[in-house]
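Novice: My questions will all concern the structure given below.
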Amino acid sequence: MILFKRPDDLIDFIQKKRKSIIKIGFVPTMGALHQGHISLINKSKSENDITICSIFVNPTQFNNPNDFEKYPITIEADIEQLELNGCDILFMPSVDDIYPENFQKNNFELGYLDAILEGKHRSGHFQGVCMVVKRLLEIVNCDVLYLGQKDYQQCMVIKKMATDLKIPVEIKISPTIREKNGLAMSSRNKRLNETQKESALVIFEVLCFLKENIFEINIDDLKETSMEKLIAKGFDVDYLEITDEILNPIAKAEKKQTIVALIAASIGDVRLIDNMMLNNANKAE
Ligand code: PAF
């Protein structure tokens, strides 16, 4: 694996490689890698000539300074995992490399996506995500960008930004990878103590409960019972929402519609998000 720290060095390298046709896959991360990230690396490896992973804890997407300070950093273990899984290039820029003095800030038009769910509870978060992803895409110049469904709203936001700005990249979204007990893999899980980890299983249980009952019980009652389950385990819930495919809340479940459940909740000072497709109307029978 080749490690690049300076954007210009990576840009030069890619320009040279481009002469002998190559397809580049890119997995952006903030490090503290887990099997979810590795599944994206593996997918990219199977579909591209070169796979680039970036590790950059992006300060502009943290609305809470405490969350930024406590974000887990496990660089040595990350490098080991990436090497073990055959990642070709690791890009690990500094904050000054990504946001130099002359950096031009865009204001990204994200519409309602910036005002609901994560957008509502983490003001400025998606502007920061778009800022860094746009910059990273300019540097890595990839053909395919790999994202995880765990950040469902982030995937929609990045797709919108890429479409609006006509960034020529294909975006592929892969399913959430879970621990055997159902807990969605997340870098933030590293900050949970054993008791909190045990309590966190309730998020998956609630999502399964919603999936099992979405056509049996009305949505208001489902939400109320689910909230009670989360609160009983000590969670402070930012939102528990049941929406259509593009995140509009629904009041009634219909079989012909894609239905998604999304949860954001904190235990102690660790905030977790998860989601599940309750009904997939796009899936061929
Ligand atoms: O999902 C993440 O880890 C981050 O939001 C991303 C896409 C790497 C941008 O910093």
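Novice: Determine whether T29 is in contact with a His (Cβ under 7 Å, 6 or more places away or on another chain) and among the β-branched types (V, I, T).
Specialist: Criteria met by T29.
Novice: Just give me the residues in the stretch 204-222 being out of contact with any Lys or Arg (no Cβ under 9 Å at 6 or more places or on another chain) and aliphatic (A, V, I, L, M), in sequence order.
Specialist: L207, I214, I217, L222
Novice: Here's a check for you: in the stretch 70-90, which residue that is free of Cβ contacts under 8 Å to residues at least 60 places away in the same chain and within 16 Å of the ligand (Cβ to nearest atom) is surrounded by the most Cβ atoms within 10 Å (Cβ to Cβ)?
Specialist: D78
Novice: I need every pair where a residue in the stretch 189-205 that is free of Cβ contacts under 8 Å to residues at least 60 places away in the same chain and assigned to a helix (DSSP H, G or I) has its Cβ under 9 Å from the Cβ of a residue that is of a type in the set (A, V, I, L, M) and surrounded by fewer than 18 Cβ atoms within 10 Å (Cβ to Cβ), sequence separation at least 6 or different chains.
Specialist: V202/A232
Novice: Give me the pairs, please: first residue somewhere in the stretch 1-23 and under 16 Å from L137 (Cβ atoms), second residue anywhere and of a type in the set (A, V, I, L, M, F, W, C) and not in a helix (DSSP H, G or I), beta-carbon distance under 6 Å, and either six or more positions apart or on two chains.
Specialist: Sorted first by the residue in the stretch 1-23, then by its partner, the pairs are F4/F91; L10/F4; L10/F91.
Novice: Quick one: count up the residues across the stretch 161-186 that are within 15 Å of the chain's Cα centre (by Cα), of a type in the set (D, E, K, R) and over 15 Å from G25 (Cβ atoms).
Specialist: 1
Novice: Within the stretch 48-60, does at least one residue satisfy the condition of being in contact with a helix residue (DSSP H, G or I) (Cβ under 8 Å, 6 or more places away or on another chain), within 23 Å of K105 (Cα to Cα) and of a type in the set (G, A, S)?
Specialist: Yes.
Yes/no per residue for (1) within 11 Å of the ligand (Cβ to nearest atom); (2) in contact with a strand residue (DSSP E or B) (Cβ under 9 Å, 6 or more places away or on another chain); (3) within 24 Å of P59 (Cβ to Cβ); (4) among the charged types (D, E, K, R):
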site: F126; (1), (2), (3), (4): yes, no, yes, no
site: C130; (1), (2), (3), (4): yes, no, yes, no
site: V133; (1), (2), (3), (4): yes, yes, yes, no
site: Q154; (1), (2), (3), (4): yes, yes, yes, no
site: K160; (1), (2), (3), (4): no, no, yes, yes
site: R188; (1), (2), (3), (4): yes, yes, yes, yes
site: L192; (1), (2), (3), (4): no, yes, yes, no
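Novice: Checking D9 against (1) surrounded by 12 or more Cβ atoms within 10 Å (Cβ to Cβ); (2) more than 15 Å from the ligand (Cβ to nearest atom); (3) in a loop (DSSP other than H, G, I, E, B): exactly one of these is not met. Which one?
Specialist: (3)
Novice: Within the stretch 72-81, is even one residue in a loop (DSSP other than H, G, I, E, B), β-branched (V, I, T) and over 20 Å from F126 (Cα atoms)?
Specialist: Yes: one or more hits.
No lab work stands behind these numbers, since they all come straight from the coordinates. Fair warning: this is a prediction, and the values are worked out from it, not measured in the lab. Neighbour counts are summed over all protein chains in view; Cβ atoms, including those assigned to glycine, are modelled from backbone coordinates with ideal geometry.
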